[in-house]
1. Give me the residue from region 229-266 that is open to solvent by 40 Å² or more (accessible area, probe 1.4 Å) and touching a helix residue (DSSP H, G or I) at 6+ places or on another chain (Cβ under 6 Å) and, out of that set, farthest from residue 201 (Cα to Cα).
2. Return the residues of region 131-150 that are hydroxyl-bearing (Ser, Thr, Tyr) and either over 18 Å from the mean Cα position of the chain (by Cα) or farther than 29 Å from residue 199 by Cβ (or both); say none if nothing qualifies.
3. Of the residues in region 189-230, how many are free of Cβ contacts under 8 Å to residues at least 40 places away in the same chain and of a type in the set (Val, Ile, Thr)?
4. Cβ contacts < 6 Å: first residue under 17 Å from residue 94 (Cβ atoms) and at pLDDT 95 or above, restricted to region 44-61; second residue of a type in the set (Lys, Arg) and assigned to a loop (DSSP other than H, G, I, E, B), any location; separation 6+ or different chain. Result?
5. Which numbered condition trips up residue 184, out of (1) in a helix (DSSP H, G or I); (2) closer than 29 Å to residue 49 by Cβ; (3) not hydroxyl-bearing (Ser, Thr, Tyr)?
6. Need a quick list: strands (runs of 3 or more DSSP E) entirely within region 228-288 having at least 1 residues that are more than 19 Å from residue 213 (Cβ to Cβ) and under 46 Å from the mean Cα position of the chain (by Cα).
7. Restricting to region 104-121, what's the tally of residues that are out of contact with any helix residue (DSSP H, G or I) (no Cβ under 8 Å at 6 or more places or on another chain), farther than 17 Å from residue 151 by Cα, open to solvent by less than 90 Å² (accessible area, probe 1.4 Å) and part of a loop (DSSP other than H, G, I, E, B)?
8. When only residues in region 17-57 that are on the phi > 0 side of the Ramachandran plot and surrounded by 10 or more Cβ atoms within 10 Å (Cβ to Cβ) count, which is farthest from the chain's Cα centre (by Cα)?
Amino acid sequence: TTNILMVVPNADASSMYQLITYLDGCYSRDTAHISIKPVPDPQITSNTPCVGDTLRIGSNDTTHNATYIWVGPSGFVMTTKDTVIAPALLDASGKYVLTVFANGCKAVDSAAVMVKSRPYTPAANGDTVLCEGAVLHLMGSNALPDSNTFYHWTGPNGFRADEINTQKQGVSVHDAGAYVFMGEREGCTAADTLYVAVNHTPYTPQATSNSPLSLGHTLQLTLAEPEAGVAYSWTGPNGFTSNVFSPEIENVTKQHAGTYTVTGTLGNCASSAIVLITIDEIADTGYL
């Protein structure tokens, strides 16, 4: 036996201890209550935000009535267990030291915290107003791709393209909306948005005529099932123009033969159809 007792210093070792001494068949005893105070356990936790996001640093320590002192980069000092830095900038990266005091005991922990940089903010350029069936051109600028930075486009109708400059053929009104040009580096993003409007293009006009016809007869141009809200106009040979759906030309001559075009216009969108007119001369019978 020994007169020195080594006890592992943890809270579970707190108890009533009894010392018994023996000498020549006689003994005596004494007791003492020993309380071992728990040492704080800082256990620093932190996230890894991108520039502009919120940096969260804290501790998993559960010691009752503990006092916390944080010291970090750029003169950072805080006395709360858990804290945030918002928005987090690059100078928030570095070593954070947490000192915890409780019950006259002290514990220290440190951790390296990183705030990740974002890609350069790109610019989304391209067509902003289109007619149905047109080609949408999308062009990104201020994009500086490297081995860790990638750019892509996303848009309505599940659109995605991984090229900086791209296009979409034959757009419809369902393709209107926001097109986002985004750069991504190690989970951090920077983006710009282009808003695209797609207007309805009138349906192709259904145009017919009474061609072929003879000199002196009446030419009849016919537009079947005109679309509501669409303005129609005709043009043709010999300076012919008309805004009537189904115009007529009386007493035609050879100069009225040729191609007639009807155009339907809605806003800045239009569609056209053509009609070919043939005019025959009346045969001379030799009789008056």
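1. The residue in question is 255.
2. Start the filter on region 131-150 by keeping residues that are hydroxyl-bearing (Ser, Thr, Tyr), which leaves 141, 147, 149.
Hits for region 131-150 are 147, 149.
3. Count: 3.
4. 50/118; 51/118
5. Result: residue 184 passes all but (1).
6. Numbers: elements: 231-236, 240-242, 258-266, 269-277.
Ranges flagged: 231-236, 258-266, 269-277.
7. Of region 104-121, the ones out of contact with any helix residue (DSSP H, G or I) (no Cβ under 8 Å at 6 or more places or on another chain) are 104-112, 114, 116, 118-121.
This time we only want the ones that are farther than 17 Å from residue 151 by Cα, so: 104-112, 114, 116.
Now drop any that are not open to solvent by less than 90 Å² (accessible area, probe 1.4 Å), which leaves 104-105, 107-111, 116.
Narrowing the set further to residues that are part of a loop (DSSP other than H, G, I, E, B) leaves 104.
Residues meeting the conditions: 1.
8. Initial filter on region 17-57 (on the phi > 0 side of the Ramachandran plot): 24-25, 43, 52.
So of that shortlist, the ones also surrounded by 10 or more Cβ atoms within 10 Å (Cβ to Cβ) come out as 43, 52.
Details: 43: 36, 52: 17 Å.
Step by step, filter region 17-57, then rank; the result is 43.
The values are calculated or read from the model by the stated rules, or taken from the named source; none is laboratory data. Here the structure is a predicted model, which means the values were calculated and not measured. No Cβ is skipped: glycine too gets one built from the backbone with ideal geometry, and neighbour counts run over all protein chains shown. Just so you know, the surface numbers come from the protein's heavy atoms only, side chains and all, with ligands and any DNA or RNA stripped out. Shrake-Rupley method; radii C 1.70, N 1.55, O 1.52, S 1.80 Å.
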